[in-house]
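Okay, so here's the structure we're looking at.
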Amino acid sequence: MNYSKQEVMQFIEEEDVKFVRLAFCDVFGRQKNISIMYNEIARAFEHGIAIDASAIRGFGDETRSDLFLHPDPSTLVVLPWRPEHGRVVRMYCDITYPDGSPFVMDTRKILKDAVMQAEKKGVRFRFGGEMEFYLFKLDENGNRTAEPFDRAGYMDIAPADKSENIRREICLTLEQMGIAPESSHHEEGPGQNEIDFRYSAPLESADNAMNFASAVQAIVSRSGVAADFSPKPIKNAPGNGFHINFSVTRQSDNDVLDFIIAGILNHIEDMTVFLNPVKQSYERLGSDKAPIYISWSKENRSQLIRIPAARGEYRRAELRSPDPAANPYLAFALIIYAGLDGLEKQKKLCKSADINFYTASEETRAKYKMLPRSLADAAIKARTSGFIKNCLPKEIINAYCTDIDR
């Protein structure tokens, strides 16, 4: 439900809400929040709540440290894992400087701007995420061990799959939060799980991805396990992917997906540091269905982009290279900008790669360009890219391309 400011204040008064979490993320997509008391919400809406930006990674130093959080009432959600009495709600926030101007490192604002650019061109994007994570056992002190929660495989069932009740609780909790999961299953790795989301507008989908990660961490901790969203939690097992499904419609012509895909393929090397932002990301790419070649095909899961079997308004594409370390606001924004570039230039989509890259000969694979093979290589591509320079503030680019000890 999209609440107004007045409706939020009424909800807080009527529903025994005592704490309001004002949430945002740092430049790398790690969620942060400050909790205010219920009777401070009017001030938050009118003036914003001050935070010390110098303590947030990537936000700057002490010379200009004051920033203000302005809650977005449309994102109000009750946190179901918190007590029923003295309830806790959360809203995502816009971030501004003290003079009210937008904070340049607010990646949620960057996605808003990208959506606005698309709308000006009559183009509408919708996104659906598929985010994978591992579950690990805890030791007697409550610390995460290296032992997976189970040894089940792809789409196994109980008793081999010990995670099904945890996934069930996660899905039911997400529904309480207004997020619509479509499906869930055990993935290929030991203790690895996946939950997929229904399509939604870009900003809502990115907010949902942030909600999902925090909800999973809160829920699994009550089950005596730990969740790991890192790209490669176990060296010789499949990595965690953040597969991004997207569909595109245009007012004058709905059949634009080929141009969008062509634009993404054209800029994917430059985008990679933002989709795969840590060193561990590059241990995942190129193995266990994680792509490394710049290619596309229908249905083929060895490709960077695949087009699942569907027709008409249900036609969509899946970008398979991103991992959960990515900031979803930046990832979606760059996909939109790259797609719009392909559409504006009417870029022709290259021939589909109807091969299995995992069994193809070296001679065949050599015909295709590859994604950057390391974080350092990806940073160079982004830093020297005119496309990235036109899409993102220099402060964001510097944060990703100069601090590569991640």
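Roughly what percent of Cα-Cα pairs across the stretch 145-230 reach past 16 Å? Could you put the intermediate results ahead of the total?
Working: 1895 of 3655 pairs.
Here the tail beyond 16 Å accounts for 52 percent of pairs.
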**OP:** Please get the size of the charge dipole for the stretch 255-342, origin at its Cα centre, with Cβ charges of +1 on Lys and Arg and -1 on Asp and Glu, quoted in debye to the nearest 20.
**Re:** 300
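Rounded if a/c is under 1.5, else prolate if a/b beats b/c, else oblate: with a ≥ b ≥ c from the C-alpha gyration tensor eigenvalues square-rooted, which is the stretch 1-125? Write down the numbers at each step before the final one.
Values: a/c = 1.88, a/b = 1.26, b/c = 1.49.
Here the stretch 1-125 falls in the oblate category.
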Original post:
At E13 and M155, where each label point lies 7 Å from the Cα along Cα→Cβ, what is the point-to-point distance in nanometres?
Top reply: 5.2
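Have a look at the DSSP beta bridges in the stretch 198-323 and tell me what percent are antiparallel, nearest 5.
On the way: 5 of 8 bridges.
Around 60 percent antiparallel, to the nearest 5.
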Original post:
So how much accessible area does E187 have, in Å² to the nearest 10, using a 1.4 Å probe?
Top reply: 20
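So how do 137-145, 6-14, 331-339 stack up, highest first, on mean other-Cβ count within 10 Å?
Details: 137-145: 10.4, 6-14: 15.0, 331-339: 26.3.
Ranking, from highest mean packing down: 331-339, 6-14, 137-145.
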**OP:** Measure off, as a whole percent, the carbon and sulfur share of the 1.4 Å-probe accessible area of the chain, all protein chains present.
**Re:** 46
Subject >> Semi-axis lengths, Å, the stretch 52-139, gyration tensor of Cα atoms, sqrt of 5 times eigenvalues >> reply: 27, 23, 17
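Below 8 Å between Cα atoms, with a sequence gap of 6+, how large is the relative contact order for the stretch 259-406 in percent? Write out the running numbers ahead of the final one.
Numbers: 223 pairs, mean separation 53.7, N = 148.
Worked out over the stretch 259-406, it gives 36 percent.
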**OP:** Work out the charge dipole of the stretch 100-206 with +1 on the Cβ of Lys and Arg and -1 on the Cβ of Asp and Glu about the Cα centre, then indicate which of L174, H185, L111 is farthest towards its positive end.
**Re:** L111
**OP:** Evaluate Rg over Rh across the stretch 113-158, taking Cα atoms for both radii and Kirkwood's formula for Rh.
**Re:** 1.37
Subject >> Computed over the chain: relative contact order in percent, which uses C-alpha pairs under 8 Å that are six or more apart >> reply: 15
Subject >> List Y329, Y97, ordered by accessible area with a 1.4 Å probe, largest first >> reply: Y97, Y329
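How long are the semi-axes of the ellipsoid equivalent to the chain, from square roots of 5 times the Cα gyration tensor eigenvalues, in whole Å, largest first? Display every interim value, and only then the final one.
Working: eigenvalues 216, 147, 87 Å².
Taking √(5λ) for each eigenvalue gives 33, 27, 21 Å, largest first.
Determine the calculated [θ] at 222 nm for the chain from helices alone, applying -39500 (n - 2.57) to every DSSP H run no shorter than 4 residues and normalising by the residue count; nearest 500 deg cm²/dmol. Don't skip to the answer; put the middle values down first.
On the way: 12 runs with 132 residues, N = 406.
Dividing the helical sum by the residues of the chain leaves -10000 deg cm²/dmol.
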**OP:** About the Cα centre of the chain, how large is the charge dipole given +1 on each Lys and Arg Cβ and -1 on each Asp and Glu Cβ? Please answer in debye to the nearest 20.
**Re:** 1200
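The values are calculated or read from the model by the stated rules, or taken from the named source; none is laboratory data. What you are looking at is a predicted structure, and each value in this text was computed from that prediction instead of being measured. All Cβ positions, even for glycine, are placed from backbone atoms using ideal geometry, and neighbour counts span all protein chains on display. In case anyone asks, the SASA skips ligands and DNA or RNA and just uses the protein heavy atoms, side chains included. Shrake-Rupley method; radii C 1.70, N 1.55, O 1.52, S 1.80 Å.
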